[in-house]
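Q: Input: one structure, supplied below.
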Amino acid sequence: MNDSEIVAALRKKLSRLEKSRIEAEHLLEEKSEQLFKLNQDLEQLVEERTKQLAIERDKAIAASKAKDQFLANMSHEIRTPLNGIIGYLDLLSLSNLTESQKRQVDVTQKSSDLLLELINDILEFSKVEAGEVTLENQPFCLRQCIEDTVESMAYLAYQKNLELPVFISETIPNELLGDEGKLRQILINLIGNAIKFTDAGEVSINASGCWINNNSQFKVVISINDTGIGIDPKSLKKIFHPFVQSDLTDTRKFGGTGLGLSISKGLVEKMGGRMSTQSQLGLGSKFTFSLVLNNPSTKTQRIPPKSLHLPETTIIGIAGTFFDNLDHRLQSWGVNVQKREFTDINLDQLYSSKNKEVFLIDSRTIDDEEIKKIYQLSQNSSKKTVLLCPPSFQDAMSFNNQNSSVKIIFKPVRSNILFETLSQLCLDSTTKKASQVQPPPPSSHQPSCNDFCILLAEDHPINQKLGIAMLTHLGFQFELAHNGAEAVEMARQKKYSAILMDFQMPKMDGLSATKKIRQFDNEIPIIAMTANAFSDVRDKCMAIGMNDYITKPLKIEDLSKSLKKQLGDCNDSIQSEELRSPK
Amino acid sequence: MKGIVFNELIQLIESIIGEVQTEHLLEDADLNSGGSYTSVGTYDHKEALSIVQKFSKLTQSNTDQLLISFGRHLGKVFVVKYPDFYKHKNVFFFLQSLDSYIHVSVKKLYPDAELPSFNFEMINDKEMLLTYQSVRPFAPLAQGLILETISYFGQKESLTILNSGKNENGHFALFKITQGCEVQDE
């Protein structure tokens, strides 16, 4: 093959490759054009779909809002007639009924209370969801808030034979700024749930915390631990979702809307905290939440450590959190404690020695006979005894009066009561001062309720009738104003003993009417009646010069208490026992 | 048939007989395209057959054998150019994905591509039947591709042709791939 042949072949190759390059360029242009067109089509499609999606999304949001609003409105509307039902049932239960009628009224009352609770839950949830919750920043005692709340739920727990031990760390300061009402609401929900889902064992409450942000805030961590049915891991993930209970059968078995946890979590987060949960099916659950509360002062509040000087001290009870908490608390006060289970104790032997000793005995471990024996044995003994009893323990007062060497402390044990009782017990055994506050002797010159005339300002016919019926039942005289303007005029004309002022009224609402009345009368007690138990409403009442507030549905006991608080004790026509009796 | 196949075929021939001879061969083949191919273009498969036949005549070798060798060459090129298609655990998984994934992707990129179909059937854990079906007589090319793929996965599979020929749908070949034997070269 000669050179010219090679050159010719290579030229052919070159022209072949050139041709394919040109072809490739054409193809590229063609494809680019296609791609451009496709891209345009795609952009247009995306734009159309996005528009469509936005329309659908807006529709869904609007529908959801409308449903929320409907839920809130309906709840409010349902609450008004329900207030009438509950109020009248309250009155009906105080009238002369046969046993069978009493039972029927009782069931109706319980059902109405439950219905109201559900409706309140829905309303509260709507508020949390809509971000309409406003928080107070008022000084309050965290320790007392927790102890009061736990105490209010003790009846439920001890009714089921559950122990309700509380341990509040000594580091918790006396005064903090925050929303006590909301904290109480969260505690009631979590403790209530724990009691509801626990059949045996205990529900323990623990609170501790520390100063943060240069001592300007206090972070508190509260946990509620139960030995109840527990939650399986799958359900655990969704229990904070609204309307969800861990098991659908729970709704039938335990009742409830499934809103409580969502509301509580929402409130906790609003207060700068977090809520978490751990659980084991069949073993129990632990709900923990943190809150950030403000320091009312610029310095860290240091709690001086308490100390007690007691002779040899023995706790006698059943091993468990209650036992451990007591031991821990006493040790923190410098008391040298021994722990013993009641099963290894012989009462005669226990009280036989001459040396001074203090016994703290858990009443769960002993029966009535043994309690009597303790009283007898301690009468001429150097031993001091503190009996730790459930709130339903009945003979406490009489025992307390009989023997100053034996004191009763009701569970859940408050730290300060334990401290005071032990201090008193060991300081002076002859002091008759009991750990329980005795009511003052009734005065012989009490005015009668009939001496007082109450102005009832209320527009709703059902509530008017109910208010009148209750005031009549309590023995008060009354006059009726149908709106705020009428109430102002009547208060100007006549000196009433007190005014019961509805919040929402036509022509002039309760707040405006109160402002007007305060311009000419600063003395007259004005009590707000509101269906809205939220704290912002309460604040408004107090800020414009109202003296007290009661929430609807009106309960005769609340009305009586509030009027008594404003007017001083009077002999009303129903006995206090009757008022206190559980429904 | 896509231009990449023609370009790879010409490159392979060039590497064997040199550029000048190759140009003569292409001229002899009297191709409509004049032997100018761009890899993304589409061309008549008969041109590829003409080139192979001319090469077979020139080198006095068997056409099928040449197509098998070309298949192996093409296999090596595909591994480098399209590594994503080869992310499989073994050759069985790769072959199973031929129609369901690889050819679907090729069709997306080149909607005008006319691809052969590969149907597989597992006889048991270790044996697979693979049917090649195409309007074009390129079963030996497919055979070369499969052989190269087996080598790529480094496994000990053997490839047997159970049957091949023409049917109402064109050309077909039935391959059996068996695991557990040394890789056999044709």
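Q: Test A:Arg79 against the criterion of being closer than 30 Å to A:Glu458 by Cβ and either in contact with a helix residue (DSSP H, G or I) (Cβ under 8 Å, 6 or more places away or on another chain) or among the aliphatic types (A, V, I, L, M) (or both), and give yes or no.
A: In short, yes.
Q: Could you list all residues from segment B:15-53 that are more than 27 Å from B:Tyr110 (Cβ to Cβ) and in contact (Cβ under 8 Å) with a residue 24 or more places away in the chain?
A: Of everything in segment B:15-53, those that are more than 27 Å from B:Tyr110 (Cβ to Cβ) and in contact (Cβ under 8 Å) with a residue 24 or more places away in the chain turn out to be B:Ile16, B:Ile17, B:Gln21, B:Leu25, B:Asp28.
Q: Oh, and also: Could you give me the residue pairs with C-beta distances under 8 Å whose first residue belongs to segment A:25-47 and is more than 14 Å from chain B (Cβ to nearest Cβ) and without any contact (Cβ under 8 Å) to a residue 40 or more places away in the chain, whose second residue is loosely packed, with under 10 Cβ neighbours inside 10 Å and among the charged types (D, E, K, R) wherever it lies, and which are 6+ apart or on separate chains?
A: Here the result reads none, with nothing in segment A:25-47 linked to a residue that is loosely packed, with under 10 Cβ neighbours inside 10 Å and among the charged types (D, E, K, R).
Q: Take the residues in segment B:2-53 that are among the small types (Gly, Ala, Ser) and crowded, with 21+ Cβ neighbours inside 10 Å; name whichever of them is farthest from the other protein chains (Cβ to nearest Cβ).
A: Ranking the candidates gives B:Ala48 first.
Q: Please determine whether any residue of segment B:47-65 is part of a helix (DSSP H, G or I) and of a type in the set (Phe, Trp, Tyr).
A: Yes, the conditions are met somewhere in segment B:47-65.
Q: In addition: Note down all Cβ pairs under 8 Å where the first residue falls in segment A:466-479 and is closer than 15 Å to A:Leu89 by Cα and in contact (Cβ under 8 Å) with a residue 12 or more places away in the chain, the second is buried (at least 18 other Cβ atoms within 10 Å of the Cβ) and of a type in the set (S, T, N, Q), and they're at least six residues apart or on different chains.
A: That search, which allows pairs on different chains as well, returns A:Leu466/A:Asn83.
Q: Quick check, is B:Ile68 within 22 Å of B:Ile150 (Cβ to Cβ) and either crowded, with 16+ Cβ neighbours inside 10 Å or within 14 Å of another protein chain (Cβ to nearest Cβ) (or both)?
A: Here the answer is yes, as B:Ile68 does meet what is asked.
Q: Still on this structure, I have one more. Here are some residues: A:Leu310, A:Leu350, A:Leu377. Which one is over 36 Å from the mean Cα position of the chain (by Cα) and in a loop (DSSP other than H, G, I, E, B)?
A: A:Leu310
Q: Can you pull out the residues in segment A:273-298 that are at positive phi and open to solvent by less than 50 Å² (accessible area, probe 1.4 Å)?
A: Matches in segment A:273-298: A:Gly284 only.
Q: Can I ask one more? Could you grab me the full set of residues in segment A:483-507 that are assigned to a loop (DSSP other than H, G, I, E, B) and surrounded by fewer than 18 Cβ atoms within 10 Å (Cβ to Cβ)?
A: Result: A:Lys494, A:Lys495, A:Gln504, A:Pro506, A:Lys507.
Q: Let me ask you something else. Just to be sure I understand, how many residues within segment A:341-376 are within 20 Å of A:Pro390 (Cα to Cα), touching a strand residue (DSSP E or B) at 6+ places or on another chain (Cβ under 8 Å) and open to solvent by 50 Å² or more (accessible area, probe 1.4 Å)?
A: Final tally of qualifying residues: 2.
Q: Taking interchain pairs and intrachain pairs at least six residues apart, which have beta carbon atoms under 6 angstrom, with the first residue in segment A:192-205 and farther than 16 Å from A:Gln280 by Cα and the second open to solvent by less than 10 Å² (accessible area, probe 1.4 Å) and in a helix (DSSP H, G or I)?
A: Within 6 Å, the pairs are A:Ile195/A:Ala157; A:Ile205/A:Val150.
Q: Could you tell me how many of the residues in segment B:111-133 are open to solvent by less than 50 Å² (accessible area, probe 1.4 Å) and over 20 Å from B:Gln143 (Cβ atoms)?
A: Residues that pass the stated criteria total 1.
Q: Determine whether segment A:1-16 contains at least one residue that is touching a Ser or Thr at 6+ places or on another chain (Cβ under 9 Å), hydroxyl-bearing (Ser, Thr, Tyr), under 30 Å from B:Ile17 (Cβ atoms) and in a helix (DSSP H, G or I).
A: Yes, the conditions are met somewhere in segment A:1-16.
Q: Next question. Cβ contacts < 8 Å: first residue farther than 14 Å from A:Leu471 by Cα, restricted to segment A:88-102; second residue open to solvent by 80 Å² or more (accessible area, probe 1.4 Å), any location; separation 6+ or different chain. Result?
A: Pairs found: A:Ser93/A:Lys102; A:Ser93/A:Lys583.
Q: Which residue out of A:Gln69, A:Gln52 is modelled with pLDDT of 90 or more, open to solvent by 90 Å² or more (accessible area, probe 1.4 Å) and over 30 Å from B:Pro111 (Cα atoms)?
A: A:Gln52
Q: Same structure again: Give segment A:3-24 a look and list any residue that's within 11 Å of another protein chain (Cβ to nearest Cβ) and of a type outside the set (A, V, I, L, M), or say none.
A: A:Asp3, A:Glu5, A:Arg11, A:Lys12, A:Lys13, A:Ser15, A:Arg16, A:Glu18, A:Lys19, A:Ser20, A:Arg21, A:Glu23 - these are the residues of segment A:3-24 that are within 11 Å of another protein chain (Cβ to nearest Cβ) and of a type outside the set (A, V, I, L, M).
Q: Considering only segment A:538-556, how many residues are over 20 Å from the mean Cα position of the chain (by Cα), farther than 20 Å from A:Leu115 by Cα and either open to solvent by less than 30 Å² (accessible area, probe 1.4 Å) or acidic (Asp, Glu) (or both)?
A: The total comes to 4.
The values are calculated or read from the model by the stated rules, or taken from the named source; none is laboratory data. Worth saying up front: this structure is predicted, and the values here are computed from it rather than measured. Here Cβ is always computed from backbone atoms with ideal geometry, including for glycine, and neighbour counts include all displayed protein chains. SASA here: full protein model, heavy atoms, side chains in, ligands and nucleic acids out. Shrake-Rupley method; radii C 1.70, N 1.55, O 1.52, S 1.80 Å.
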